[in-house]
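Read-outs: derived from the displayed coordinates by stated rules, not from any lab. Here the structure is a predicted model, which is why all the values come from computation and not from measurement. Reconstructed Cβ throughout: ideal geometry from the backbone, glycine too, with neighbour counts over all protein chains shown.
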Amino acid sequence: MAAKGFVEISVEGCKGCGLCVHHCPVKCLSLKMDDTNSFGLHYAYLSNEETCIGCANCAVICPDAAITVYRQSKAV
Amino acid sequence: MKDGYELVYKRPATLLDARMHYCPGCFHSTMHKIIMEVVEEMGIEEDTIGVSPVGCSVFAYNYMDIDFQQAAHGRACAVATGIKRSLPDKFVFTYQGDGDLAAIGTAETIHSCNRGENFTIFFINNAIYGMTGGQMAPTTLEGQKTSTSPYGRDIKNVGHPLRMAEMVSQLPGVAYCERLVLNTPANVRKAKKSIKKAFEIQKQGLGMTFLEVVSNCPSGWKCSPVESLDFVGEDMLKYYPLGVKKDVTANSN
Ligand SMILES: Cc1ncc(C[n+]2csc(CCOP(=O)(O)OP(=O)(O)O)c2C)c(N)n1
Ligand code: SF4
Ligand code: SF4
Ligand code: SF4
Ligand SMILES: [Mg+2]
């Protein structure tokens, strides 16, 4: 089944603070520990694409507005 | 975008496409973002003027796509008084840290609240002087370690942390006063509603609107951004209780 939602995270806009990872209710975000952006920061990414529910909690808490959120359109 | 999906959140257009200089996880960024979301949602980007302080948020004008003036340390309320009185139809706000608003700028703050000036104060209380290297502020908690209170704040020596929201709510010139926090998605969403309410009361010309934000400073507190959530949620909120301290519109709607 397709995931209810998905997010796009700006690699360069992310500061690796981890607040989105901490507040995601289904724990589908992680910090990329084996890579950094050009600022040397471990950026956040959608590590479990199947479970995102598109709740936007991550985007709301992200201080740097680095996250865009999409949710499955309601079936018409 | 993928087929069958719709956009539910994107960065507000009123927040300039610039990298904010704040440390990772700093709520200054969060507050900038949600003020700009409210300005965008209300469609008032051409009618809003901010006044930035001295402190970490001195460069707020580099991020918010509205008109701005930067004030000398502590004097944002005096500058905003002049702007609002000469341009009464504009939405005017100050954006000030606790060192700026509650130490060097205490007089300007109290007197502009007492005069009932019609602007909004966003007071970012992170219990420390972030910009200058983590010195003790009037709002530093009892026992809290800072670079100038290395053994923890001693209230016998330097007095008690100032509860600004409770203080200014006593002044007749204040129309709306609330303390907010940005530590969870639910609280950020709630804070946006309060910002909108403050702007609406400002539009009605009812007096000063004062929003204190219990904020963080991972760098000054010497902890990670996620750890700062615990200090905010447990220590800060115990001494700085959330809630509406005053609302002159409470019985009228
Ligand atoms: C007249 C004057 N006195 C002192 C300073 C030094 N100074 C710069 S920022 C600051 C305090 C900043 O703390 P706060 O207002 O809490 O802002 P934060 O950085 O924590 O957001 C001080 C004392 C100054 N720039 N100008
Ligand atoms: S939208 Fe919700 S579920 Fe999806 S990553 Fe963000 S917080 Fe997690
Ligand atoms: S909250 Fe924003 S800045 Fe922080 S790790 Fe997540 S995407 Fe990056
Ligand atoms: S020093 Fe503190 S208040 Fe200033 S940007 Fe860094 S975390 Fe934020
Ligand atoms: Mg401060």
Potential extension, B:Asp3-B:Asp47 segment - 0.36 nm per residue separation minus Cα distance: 12.1 nm
Cα convex hull of the stretch B:65-128: how many Å³ per residue? 82 Å³
Evaluate Rg over Rh across chain A, taking Cα atoms for both radii and Kirkwood's formula for Rh. 0.99
How large is log10 I(q)/I(0) at q = 0.13, 0.16 Å⁻¹ when the Debye formula is applied to the Cα atoms of the stretch B:123-215, each weighted equally and without solvent? -0.55, -0.76
Averaged across the residues of B:19-26, what count of C-beta atoms belonging to other chains lies within 10 Å of each residue's C-beta? 5
Helix-only CD estimate at 222 nm, as mean residue ellipticity for chain A, using -39500 (n - 2.57) per DSSP H run (n ≥ 4): -2500 deg cm²/dmol
Per 5 Å bin, what percent of the C-alpha pairs of chain B does each bin hold, from zero upward? 1, 6, 14, 19, 21, 17, 11, 6, 3, 1, 1, 0, 0
Please report B:Phe231, B:Phe122 as a ranked list, fewest other C-beta atoms within 10 angstrom at the top and most at the bottom. B:Phe231, B:Phe122
Space enclosed by the convex hull of the alpha-carbon atoms of the protein assembly as shown, per residue, Å³: 144 Å³
At B:Asp67 and B:Leu16, where each label point lies 7 Å from the Cα along Cα→Cβ, what is the point-to-point distance in nanometres? 1.7 nm
Be a star and scan the stretch B:101-122 for residues whose amide nitrogen sits under 18 Å from the point 7 Å along the Cα-to-Cβ vector of B:Arg85. B:107-121
Which whole-number percent is the relative contact order of chain B (Cα, under 8 Å, 6+ apart)? 18 percent
Chymotrypsin sites (Phe, Trp or Tyr not before Pro) within the stretch B:145-224: which are DSSP loop residues with at most 14 other Cβ atoms inside 10 Å? B:Tyr151
Charge tally for neighbours of A:Val60 with beta carbon under 10 Å away, counting Lys, Arg as +1 and Asp, Glu as -1, is +2
Cβ-derived FRET efficiency at R0 41 Å, B:Ser224 paired with B:Lys156, nearest 0.05: 0.80
Would you mind ranking B:Ile201, A:Ile61 so that the residue whose beta carbon has the fewest other beta carbons within 10 Å leads the list? B:Ile201, A:Ile61
In whole Å, what is the distance between the alpha-carbon centres of the stretch A:1-60 and the stretch B:37-84? 31 Å
Average Cα contact separation per residue, the stretch B:116-234, under 8 Å, 6 or more apart, as relative contact order %: 34 percent
Cross-link reach from B:Lys156 to aspartates and glutamates, straight Cα distance under 17 Å and at least 8 residues apart if same chain, gives B:Glu142
